[in-house]
């Protein structure tokens, strides 16, 4: 992993919506990859924003794009069912979620790109399954000219990622430090009813370690899939 390469490009614009058509063509001619962050609007206790999962996916997509080249699409914010119900959490029934995601992806038919990487930041079981299923179904149809690949934050970091607890908060300290508010009063978890951080307080060091592990694993998947198209 070339950390200097990331650091050198971290301020470069990677997002599709800021490019002119000519600039986008240049980006995709150099590397024929689009990244689409997939996340959620969901309760993440009082110290993290409702958009945590999407912000993680966006930040990772931009970092990955900075290494591989290509461009980053706008985020798909909606999450599907199978998670907690809360006034701060938005969800879409699974059938509708898969249909909407499929329609959105097919809308990029004319981008003339080899691969779209879906970077999923939300750990809900139905969402992990749904994103993978949509990608698999579209790939199998044979009528969509772009190969779909999934990089799932929670799947790659299943031993470290929790919900607004030590792992996820540590990763937030690496990816979205300006949005972490540890000074706020933290409440019991919606799922377990237990207070977070029983296994230790989150740290920037842990978040940095998680980040580099994620990047290394994700880049292996992307390189393998891209080369096999």
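The C-beta contact set for region 124-142 (first residue under 14 Å from residue 103 (Cα atoms), second residue in a helix (DSSP H, G or I) and modelled with pLDDT under 95, distance under 9 angstrom, 6+ apart or interchain) comprises 130/94.
Restricting to region 135-162, name every residue that is out of contact with any strand residue (DSSP E or B) (no Cβ under 7 Å at 6 or more places or on another chain) and closer than 24 Å to residue 50 by Cβ. 154, 155, 156, 157, 158, 160, 161, 162 - these are the residues of region 135-162 that are out of contact with any strand residue (DSSP E or B) (no Cβ under 7 Å at 6 or more places or on another chain) and closer than 24 Å to residue 50 by Cβ.
Here is a list: 187, 169. Which entry is farther than 22 Å from residue 59 by Cβ and either out of contact with any helix residue (DSSP H, G or I) (no Cβ under 7 Å at 6 or more places or on another chain) or loosely packed, with under 14 Cβ neighbours inside 10 Å (or both)?
When all the criteria are applied, what remains is 187.
Restricting attention to region 91-117, the residues that are surrounded by 16 or more Cβ atoms within 10 Å (Cβ to Cβ), in contact (Cβ under 8 Å) with a residue 40 or more places away in the chain, over 11 Å from residue 78 (Cα atoms) and in contact with a helix residue (DSSP H, G or I) (Cβ under 9 Å, 6 or more places away or on another chain) add up to 7.
Within the set 190, 171, 148, 175, the sole residue that is modelled with pLDDT under 95 and within 23 Å of residue 39 (Cβ to Cβ) turns out to be 190. Can you give me the number of residues within region 110-128 that are out of contact with any strand residue (DSSP E or B) (no Cβ under 9 Å at 6 or more places or on another chain) and either under 24 Å from residue 219 (Cα atoms) or not in a helix (DSSP H, G or I) (or both)? Within region 110-128, residues that are out of contact with any strand residue (DSSP E or B) (no Cβ under 9 Å at 6 or more places or on another chain) and either under 24 Å from residue 219 (Cα atoms) or not in a helix (DSSP H, G or I) (or both) number 2.
The values are calculated or read from the model by the stated rules, or taken from the named source; none is laboratory data. Since the model is a prediction, treat every value here as computed from it, not as a measurement. So basically every Cβ, Gly included, is an ideal-geometry build from the backbone, and we count neighbours across all protein chains shown.
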